[in-house]
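J.: Below are the structure tokens for one structure; questions will follow.
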Amino acid sequence: MNEWKPQQVAVIGTGYVGLGTAGLLAHLGHQVTGIDIDPNKIAQLQRGEVPIYEPGLDQLLADAGHNLRWTTDYENVIPHADVIFICVGTPPLPDGRPNLTYLEAAARSIAQNLNGKVQVIVNKSTVPIGTGDWVTRILEEHAVDYHMNRYFVVSNPEFLREGTALGDSLYPDRIVLGGHALAVERMRDLYAPLIHQTFEPLAYVARPREYTVPAVVETTLPSAEMIKYAANAFLALKISFANEVAGLCERVGANIDEVATGIGFDQRIGHRFLAAGAGWGGSCFGKDTSALISTGSEYGYDMPILRAAINVNQRQRGVVLEKLQKHARLLKGKRVAVLGMAFKPNTDDLRDAPAHDFIARLNQLGATVVAHDPIAMDRARREWGHLRYIEAPTALDALKGADALIIATEWAEYRSLDWNTAVQTMRRPLVIDARNVISEPLDVPATIEQIGKELPEKTPALEGTA
Ligand code: UDX
């Protein structure tokens, strides 16, 4: 390794990926400037406020604040940057293809401000295969004196999960770098403290047990782009597989949790991402599986496994509502509690959250919905204005007087609720536990439906014992 020098880094886009990347690189010692076209977001960041909820992120951005600046202004940043990260959103269009408008705008703004020296432009947004070359072309078309041996586009996909973004960034399984060898070498330099794990650990980010160093995968642009999609598609597929098997478990009297444990010991399968439940949500799995399918169809290539994974996921949301209707029957005028609104715990992200579809369907069926989420309620007030529900300040408030309950997100506080007491506050103790949160049979009468298993009967005390 050459003597390591901090670099000037620009990060375009201050969403989950951009903020995480900016915080990580600033912590590694680089001089980082975050750029966003939204002046409100930038003003917030300049005041030290973090526009999204991600555990530890506000602290990281504050701790690394001496290496961080925020601006809306490309002209004063791009010419001085050694490395420019593109971390803008690529939300899905109605036909499933990603919307590349923000990416194109970012690439044009970069092009107009290139400095005539060697600069590396890194695509961290999840983009369709071939986008790296497309970005190169935009630079070529819009830069004043473009030269292919000066400006290099690298694909460095992001694998972080919301809720554990900091740990995933500091202790990644792998770092994928796709592009020209020279640019990849520069990226290795940039990430050297991460690759060799020589950075200062953060007290508030746990290092996974037995973690050593990340694998570095050096590859071509299209392979790097494909790795990101294939990884997410495979994870989505794994969850859909667990949900499909869960349905059969229910029919034959098997227990999906035990089945998943049993198959997971086969190291070729592994235990992770086999939790059956309400299915996947969030901003990535649905978008990326659809994008892969639509790339396939552009080439006349069908991807039936991925289509099935999406169908099973959609069906799973219906399964949860069927379980409710099986017991509650007519829902008009009934009061239904929904616990959990975020698509998964430890985030306020509501994108493609199963709870959204549950509430929408309950609205259609004429039920009164009372919803609770420990973190996402504020955001839901802004983003779910089209849904009708009453906010409950606590989980217990949501349950009070309810005719039924759907547990849509497995927040830790729901797992640790005293369920024996909680169900007694309901008008009717009917619980559709779509995340298999309740682990013990209750002492009080209640109807509890879970996914892919039944709660065991309470073992009766032996005669003569207390
Ligand atoms: C995912 C990928 O994990 C990450 O690598 C990628 O960069 C972005 O997409 P994220 O969307 O933050 O990250 O969430 P993740 O923790 O992966 O969960 C995705 C969804 O799958 C959630 O809705 C979760 O509830 C569901 N899930 C996950 C299951 O239903 N069962 C499981 O076993 C695991």
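The values are calculated or read from the model by the stated rules, or taken from the named source; none is laboratory data. In this text the structure is predicted, and so the values were computed from the model without any measurement. Every residue, glycine as well, gets a Cβ built from its backbone with ideal geometry; the counts of neighbours run over all protein chains shown. Just the protein is used for accessible areas: all its heavy atoms, side chains included, with ligands, DNA and RNA removed. Shrake-Rupley method; radii C 1.70, N 1.55, O 1.52, S 1.80 Å.
J.: Please report, in debye to the nearest 20, how large the charge dipole of the chain is about its Cα centre when each Lys and Arg carries +1 at its beta carbon and each Asp and Glu carries -1 there.
T.: So the dipole magnitude of the chain works out to roughly 980 debye.
J.: Show me the GluC sites (Glu not before Pro) within segment 383-466 that DSSP assigns to loop and that have at most 14 other Cβ atoms within 10 Å of their Cβ. Don't skip to the answer; put the middle values down first.
T.: Working: sites: Glu383, Glu391, Glu410, Glu413, Glu449, Glu454, Glu457, Glu463; in loops: Glu410, Glu454, Glu457, Glu463.
Loop-located and lightly packed - Glu454, Glu457, Glu463.
J.: Work through the residues other than Gln450 whose Cβ is under 11 Å from its Cβ and net out their charges, Lys, Arg +1 and Asp, Glu -1.
T.: -2
J.: Select from Leu28, Gly89, Ala402 the residue farthest towards the positive end of the dipole of the chain; place +1 on Cβ of Lys and Arg, -1 on Cβ of Asp and Glu, and compute about the Cα centre.
T.: The Cα lying farthest towards the positive end belongs to Ala402.
J.: Placing +1 at every Lys and Arg Cβ and -1 at every Asp and Glu Cβ, with all other atoms neutral, what dipole size does segment 220-466 have around its Cα centre, in debye to the nearest 20? Spell out each step's value before the answer.
T.: Working: 29 positive and 30 negative charges, 151 e Å.
Roughly 720 debye for segment 220-466.
J.: Separate question: In whole angstrom, note down how far apart the Cα centers of segment 290-342 and segment 224-252 are.
T.: When both Cα centres are located, 13 Å separates them.
J.: So, with a 1.4 angstrom probe, what is the percent of accessible area on the chain that is carbon and sulfur? Mind dumping the intermediate values first?
T.: On the way: 11550 of 21930 Å².
Roughly 53 percent, rounded to a whole number.
J.: Where both partners of a DSSP beta bridge lie in the chain, what percent of those bridges are antiparallel, to the nearest 5?
T.: Values: 2 of 46 bridges.
For the chain, the DSSP antiparallel bridge percentage is about 5.
J.: In addition: Can you give the % of DSSP beta bridges in segment 8-217 that are antiparallel, to the nearest 5?
T.: Values: 2 of 27 bridges.
Here the share of antiparallel DSSP bridges comes out near 5 percent.
J.: Using a probe radius of 1.4 Å on heavy atoms only, what accessible surface per residue do you get for segment 123-261? Whole Å² is fine. Intermediate values should be presented prior to the final figure.
T.: On the way: 6520 Å² over 139 residues.
Value returned for segment 123-261: 47 Å² of accessible area per residue.
J.: Cα-Cα over 22 Å: which of Lys344/Lys458; Lys117/Lys228; Lys287/Lys323; Lys326/Lys453? List each step's numbers first, then the result.
T.: Working: Lys344/Lys458 29 Å; Lys117/Lys228 30 Å; Lys287/Lys323 27 Å; Lys326/Lys453 16 Å.
In this structure, Lys344/Lys458; Lys117/Lys228; Lys287/Lys323 lie more than 22 Å apart at Cα.
J.: What are the membrane-span-like helices in the chain by this rule: whole DSSP H runs, Cα extent along the axis at least 30 Å, mean Kyte-Doolittle hydropathy at least -1.0? Please list the in-between numbers first.
T.: Details: long enough: 221-252 (47 Å, 0.64); 304-328 (36 Å, -0.36).
For the chain, where a helix must reach 30 Å along its axis and average at least -1.0, the hits are 221-252, 304-328.
J.: Select from Gly132, Tyr146, Val217 the residue farthest towards the positive end of the dipole of segment 8-217; place +1 on Cβ of Lys and Arg, -1 on Cβ of Asp and Glu, and compute about the Cα centre.
T.: After comparing all options, I get Val217.
J.: A follow-up question, please. In whole percent, what relative contact order does the chain give with Cα contacts below 8 Å and a gap of six or more residues?
T.: Working: 875 pairs, mean separation 51.7, N = 466.
Normalised by residue count, the contact order of the chain is 11 percent.
J.: Could I ask something else about it? Once you have the Cα-Cα distance between Phe199 and Ala43, take 0.36 nm times their residue separation minus that, and quote the gain in nm to one decimal. Walk me through the numbers before you get to the answer.
T.: Values: separation 156, 0.36 × 156 = 56.16 nm, distance 2.93 nm.
Fully extending the segment from Phe199 to Ala43 adds 53.2 nm.
J.: Report relative contact order for segment 220-466 in percent, whole number only (criteria: Cα-Cα under 8 Å, sequence separation at least 6).
T.: Working: 424 pairs, mean separation 48.6, N = 247.
Answer for segment 220-466 is 20 percent.
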